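K.L.:
Below: one structure in structure tokens.
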Amino acid sequence: MITIEEKLNVFTKLVFERIQEESKVLLKEMEEKNQQIIEEQREKLKLQSEKLINDMAQKGETKKNQMIAKANMDRKIKILEKKKQLLGKLLQELQEKALAFTATSAYDDFFRKTLEEVLDQLRGEEEILLYIKEGDILRYQTVIGEIANTFGFQPGKYSLLPAEENILGGVVALSGNHRLRIDASLSALLQEHEKMVGQMLYNGLEKEGEVNE
């Protein structure tokens, strides 16, 4: 006959085994759940890490591009400054050479041809005004009269006036009614070439990368 103590032992064993089995199942579920959480956290950290690396790479690329853009801008500014310096120096030299040119015999031919071209464009005008350097008026007064007569401008139909500005040389002409103005001065000639000279300088500096630090 089974005693109460034996029954308790059997019951206790059964309960223990059931609890042990349930504990194993629960523990397995907990381990699986924990493993899932760990994997999720690991994936999350991986994504965060990749995002951080990508962000840093993008920031690095952006910074690099900004540095390159700044370097290019600084280079262009230096080129423009260099161009401005050289252009100013070149134009000053050209102006000095133009003044020196007016003292040569070659200027005699230049003045004559320039005046002929101007008067040819003004042919038919009732009256014209010729603005010429005071020194050139004294120097070429006879020549001016001869050329003017050739184009039909007798004395009284043209007036010789000293140029009010430094035209360097050549002629500035106006029709009597001021409807037509022709600037055939040396200063105008230099101004016409200033843009071309400046572009040539810029192209040369850009091509050679001639920028002084």
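K.L.:
Can you work out the Karplus-derived ³J(HN,Hα) for every residue in the range 177-189? Use 6.51 cos²θ - 1.76 cosθ + 1.60 with θ = phi - 60°, whole Hz, and x for glycine or proline.
P.N.:
8, 6, 6, 10, 10, 10, 9, 10, 8, 5, 5, 5, 4
K.L.:
Oh, and also: Could you calculate the contour length gain from T142 to E29, that is, 0.36 nm times the residue separation minus the distance between their Cα atoms, to one decimal place in nm?
P.N.:
28.6 nm
K.L.:
With a ≥ b ≥ c taken as the square roots of the eigenvalues of the C-alpha gyration tensor of the range 68-151, please select rounded if a/c is under 1.5 and otherwise prolate if a/b is larger than b/c or oblate if it is not?
P.N.:
prolate
K.L.:
Let me ask something else. Below 8 Å, C-alpha to C-alpha, sequence gap of six or more: please give me the relative contact order for the range 114-185 in percent.
P.N.:
Relative CO of the range 114-185 lands at 43 percent.
K.L.:
Let me know the shape class of the range 106-150, please: from the alpha-carbon gyration tensor, a ≥ b ≥ c as square roots of the eigenvalues, rounded when a/c is under 1.5, otherwise prolate if a/b is greater than b/c, or oblate.
P.N.:
prolate
K.L.:
Checking a compactness column here: for the range 114-185, what do you get for Rg(Cα) / (2.2 N^0.38 Å), N being the number of residues?
P.N.:
Dividing the Cα Rg of the range 114-185 by 2.2 N^0.38 Å gives 0.97.
K.L.:
Take each of the peptides 153-159, 132-138, 62-68, average the number of other beta-carbon atoms within 10 Å over its residues, and list them starting from the highest.
P.N.:
132-138, 153-159, 62-68
Only the coordinates and a few stated rules stand behind these numbers; no lab work does. Predicted, not measured: the structure shown is a model, and the values here were computed from it. Neighbour counts are summed over all protein chains in view; Cβ atoms, including those assigned to glycine, are modelled from backbone coordinates with ideal geometry.
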